[in-house]
Amino acid sequence: MTADPKIIAAVNGANGEAKAAGTRNCLMNRRQFLLTGGIATTVVMVGIPGMAEAQTPAAVSTYPRKLIGKLSELKVDEPFDFEYPDEGAYAESILVKLGQRAGGGIGPDEDIVAFNYTCTHQGGPLQGTYQAADKALGPCPLHLTTFDLTRHGIFISGQAYQSLPQVLLEVEGDDIYAVGMFGLIYGRFDNLQG
Amino acid sequence: MSTPYYVPEESIPLPPVDAEVISTACDYCIVACGYKVYRWPVRGGKRGGPAASENAFGEDFPVSPLGAWVAPTQHNIVLHNGEPHHVVIIPDKDTEYVNPLGNSSIRGGAIAQKVYNPQSPTRDRLKSPMVRMFGVLMPVTWDFALDIAAEVGRHVLDKHGTNAYGVKTFSYGYMENTYAITKYALRHVRTANFTFHDTPSDVTSTPGFRDAGFDNFGPSYEDWRDADVLLMCGTDPYESKTILFTDWIMPGIQNGQKAIFLLPRSTAGVAYAEKNGGMLIDIQPGTDLPVVLAIARVIVENGWEDSEWIKDWVNSKWESSSGFGQGTRNTPWQWRTTWGKFQTNGFDDWKEWLLAQEYSVPEKAAEIAQIDVQKIYTAAEWMAKPKADGSRPKTSIMIEKGFYWSNNTGNTNAISALGIICGCGGRPGQVIGRAGGHQRGGLRGGGYPRNKSPEKLPGRRRRAMDTDRYLMSGHTRLAHVIGTTWVQAMCGSQSLQSKFDELTTRNPHQVTSFDKNDIIDTLKKRADSGGMVVWNQDIYLVDPIGARYADIVFPASGWGEETFTRANGERRIRLYPKFYDAPGESKPDWWIIAQLAKKMGFSGFEWKNSNEVLEEGARHSRGSRKDFNMVKVAAHREGKTLHEKLGEFGTNGIQGPVLMLADGTLEETKRLHDVNRVLPDDGPVGGTVFNKKLTHFNSQTGKCNLQKAPWDLFSSYWEWLKPREGEVWITSGRINERWQSGYDDRRRPYIVQRWPENWIELHPDTAAKFGIESGDYVQVFSDRIPVQKDTIVGVEGDDFDFASLLKNGHIELTRASITAVAIVTPALKENIGYMDFLHTSQPANALAGRVVDWISGNYNYKMGVGQVRKMGESPYKNQFRSMSFARRDIA
């Protein structure tokens, strides 16, 4: 399964700047990762340690690479909270080992996923609503939307205008890094500008 | 779209401070939330900033919950006066009514995706009139298409009579359009071959309400909130009229309201209610009536009925006999009770009847419905048992299509009676009505010529034509179809489609010329040969009515592309202004109709704009639930147009019927049947109408009729239909995320990702029987879909009962098959398959029996039956991009 070349072009830009920056594969993967999640068996994204910020294209390099947990410490259905991409409003996110394969899942069982905690309908807090039986977040206390964490945070039922933003993860040894987002965080007009 | 996968954005442009702001309302469900359109030119590259002083919302970003956030699906680019403009469309954060917290559903919330943008999947909007030549729809000029339509239309009327000209139209597509369409079809063409998008016959949707004296849309939204006990039949408002649930009923539940659902299926609203002290009465399809009557029986056996209300507001024997309380005119509500099947002499007579019916015994009703009998007792207690201090619970009843399209007459009769004895009607928190489906945009420009209908029922009854049966019999020579799929929206849709094929594409007279006169001659020959020609007005090309059958396609413009007016489910009338250019040559339906009417030689269609249409139609609203005639009077006094005046009310609108007081001010109507309302002593001013239903009920006396609701008028159909060995009920309904046929939603990448095709929910035990798992492709099929044929003259009382129709050879058994993706969920009762009601390529209605409710003439769409067979695995089973198989009722 390869991603649509048009998407890759859209992500990378057509001017070759990504290639020049030496990050093309990484950039491709950032979206391809989600689009192919669950099909590819060994999607382990390679970070760009040491790459100066200024050299990488804006689309991705501006997302920080942040250590958020360790594979060995995660237990099935025991969510772990972290903040991403910054410590600002609505940055709280969930990291959870679902115990079943999931879209964008990492780790040996491809079952570790992370999502922003803020409902993409009207900003309701989803903290504490993890539903182990259904591998879901919700219902949102405001208007009852539920999200399927096995399927890239797509809504199950409810009013959200888009999927729950998925936090893109990488594994390096035992370390789990957050490296990007897929989808706009509620309340912000831009994930990185607030 | 360039990819079948939705790729979300991670930033959006904010409207700058000087963006223009246009107030409007949502185009979709009955609730019609208030919205604001922020519009600014693309030219110049202007964007708003994150500081409150830098954007049109005056808000700092990130915004707070419920704030003026803009999701990527809420931004688009349109042409306005020929120039590209950004539009951001979000729910109005300042509105005082309907959605006062600035909330919206997933449908309306993403309404910015609806507007035409050639870079989006809306690119296939119809942009030119088209005429089918050599089998292909070719773009032509308006004059070319209209000349043909007028010439052939005139010929059909002259040669085959007015009933050969069939008009099938939306009933809701804004008052300007419906007025023009009905003026054309009913006042000028005067055809009885006329009906709306959701029924084969132009008849009342809720006969029981009509006969009891209830208006469908009497309640105000705060009444639903303020009830102590709310019985919701055949709908979870969360799923289909979201804001009515989240912003009105949910706060009620949080305040202690006991919510009862009468449904075979649990969804998010049901789950929320159950978690908060409510109850689901999980009946099997079609068994509402015995359960409703059993609840009523428990109430009267315990003496819990609202005696004072009944004494004041129920017709006695003598009152009822004055033409069933409806007057002695020769009218449908009188005919319905020709043999005394429904009429009673008041409460005692009704009670005696109720207690004599075996199916109203709770244990028997529970057996028929396959429910826990305790739920009947609990419902009765909640709804009617007086509290310790002697006061009564404030009880309200809401019904919708799952209920009134299962056993149309019987269910609506039964629920009316239950409502009356519980004191529902016309008081705060004590109301009865419909929740609603689409918005209320009907305005009659002509009366239905019922005396021309061939439907002759026993007694003196002549009922509106069953246009499907008339077409099946080959009498319709010209089908003029406006804004509806017709085929998939009706029952037994696949056999109906076969007939369309035969009458149109398989008729030998097909256009093989580009010459206008040749085309006209060919189409006339087709009509004369017993075939049918088809005109289709719509915003998209619909398969098959437009794509396969239409000889002429007229491209229509819609929401935001013309200034329109419409009311919502609490009769709130709002203006929906034009804010961008309609695509190509598309025109509003009123304009299309006006040009056609003029070419056909009819006068009175010289309107220059949509305001002129509404101003002409205003007087036809007098006395109706959305009477806005006096708004026009007020507007003219102030030197304004009606549209200008309505625009001043913004998203708050004005709640009809609108009265004018002696001092010239306008007075709104919070609820109908408002028994506490005091109207001015000196009577109506000027053109104001004080309709009886402002303060009383819709009957001769102004009181309610308590009606019998015999199960045996329906049970012969139900018993015959119910699943046999290897079969399950096949029923259908709306799903929150898709509106109507999905004409917009199938062009929203995110919604397509969630619901790429039709699906069927099955209970785990049922699925296991068929070896089906979530994500499997299944075939849903049947070889015993009953189809009523022949227009017969009824003589005996039961000639139209299903058993008689079957015995006398008027029922044909047809076959149908559709595919779907299985969703195995405990949220649905066993032995049922539940599907989206209107996927055009996988229409659930194919499995619903095409047999009209023989009292009312409506279809009972929810009554279908079939078998389910696994075909294999769908692509959605083992990948994670599309669909979700998680249960929808997580609480």
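The values are calculated or read from the model by the stated rules, or taken from the named source; none is laboratory data. These figures come from a predicted structure and were not determined experimentally. Quick reminder, even Gly has a Cβ in these numbers, built from the backbone with ideal geometry, and neighbours come from all protein chains shown.
General observations
- Pairs where the first residue, in the range B:533-544, is without any contact (Cβ under 8 Å) to a residue 40 or more places away in the chain and the second is in a loop (DSSP other than H, G, I, E, B) and not β-branched (Val, Ile, Thr), C-beta under 6 Å, 6+ apart: none
- Enumerated strands (runs of 3 or more DSSP E) restricted to the range A:133-191, each holding at least 3 residues that are more than 7 Å from chain B (Cβ to nearest Cβ): A:166-172, A:175-182
- Scanning the range B:60-83 finds one or more residues that are among the polar types (S, T, N, Q), part of a strand (DSSP E or B) and within 28 Å of residue B:561 (Cα to Cα).
- Any hit, the range B:87-95, residues being touching a Gly at 6+ places or on another chain (Cβ under 7 Å) and in a strand (DSSP E or B): yes
- For the range A:108-132, a residue qualifies if it is away from every other protein chain (no Cβ under 14 Å) and within 17 Å of residue A:184 (Cβ to Cβ), and exactly one does: A:114.
- Residue within the range B:828-845 that is crowded, with 24+ Cβ neighbours inside 10 Å, of a type in the set (S, T, N, Q) and assigned by TED's automatic domain parsing to the domain that holds residue B:788 present: yes
- Restricting the range B:726-738 to residues that are away from every other protein chain (no Cβ under 13 Å) and either assigned to a loop (DSSP other than H, G, I, E, B) or in contact with a helix residue (DSSP H, G or I) (Cβ under 7 Å, 6 or more places away or on another chain) (or both), the residue that is surrounded by the most Cβ atoms within 10 Å (Cβ to Cβ): B:730
- Just so you know, in the range B:254-278 the residues that are within 12 Å of another protein chain (Cβ to nearest Cβ) and either among the aliphatic types (A, V, I, L, M) or surrounded by fewer than 22 Cβ atoms within 10 Å (Cβ to Cβ) (or both) include one that is nearest to residue A:138 (Cα to Cα), and it is B:268.
- Number of the exception - residue B:45 against (1) at pLDDT 95 or above; (2) away from every other protein chain (no Cβ under 13 Å): (1)
- Sole exception among (1) β-branched (Val, Ile, Thr); (2) in contact with an Asp or Glu (Cβ under 9 Å, 6 or more places away or on another chain); (3) away from chain A (no Cβ under 14 Å); (4) more than 30 Å from residue B:855 (Cβ to Cβ) for residue B:678, by number: (2)
- Residues in the range B:48-83 that are farther than 24 Å from residue A:159 by Cβ and hydrophobic (A, V, I, L, M, F, W, C) were compared, and the one that is nearest to the other protein chains (Cβ to nearest Cβ) is B:51.
- Restricted to the range B:217-253, and to residues there that are away from every other protein chain (no Cβ under 14 Å) and β-branched (Val, Ile, Thr), the residue that is surrounded by the most Cβ atoms within 10 Å (Cβ to Cβ) is B:235.
- Qualifying residue in the range B:796-815 (condition: among the hydroxyl-bearing types (Ser, Thr, Tyr) and part of a loop (DSSP other than H, G, I, E, B)): no
- Total residues in the range B:850-884, condition within 8 Å of chain A (Cβ to nearest Cβ) and under 16 Å from residue B:836 (Cα atoms): 2
- Condition broken by residue B:60, with the remaining ones in (1) closer than 30 Å to residue B:737 by Cβ; (2) in contact with a helix residue (DSSP H, G or I) (Cβ under 7 Å, 6 or more places away or on another chain) satisfied: (1)
- For the residues B:346, B:429, the requirement of being at pLDDT below 95 and not hydroxyl-bearing (Ser, Thr, Tyr) singles out B:346.
- Qualifying positions in the range B:397-456 - of a type in the set (Ser, Thr, Tyr), under 27 Å from residue B:718 (Cα atoms) and part of a loop (DSSP other than H, G, I, E, B): B:406
- Neighbours by Cβ (under 8 Å, 6+ apart or cross-chain): first from the range A:81-107, on the phi > 0 side of the Ramachandran plot and within 11 Å of another protein chain (Cβ to nearest Cβ); second among the aliphatic types (A, V, I, L, M) and assigned to a strand (DSSP E or B): A:104/A:113; A:104/A:168; A:104/A:169
- Evaluated against (1) modelled with pLDDT of 95 or more; (2) buried (at least 19 other Cβ atoms within 10 Å of the Cβ), residue A:125 falls short on exactly one condition, (2).
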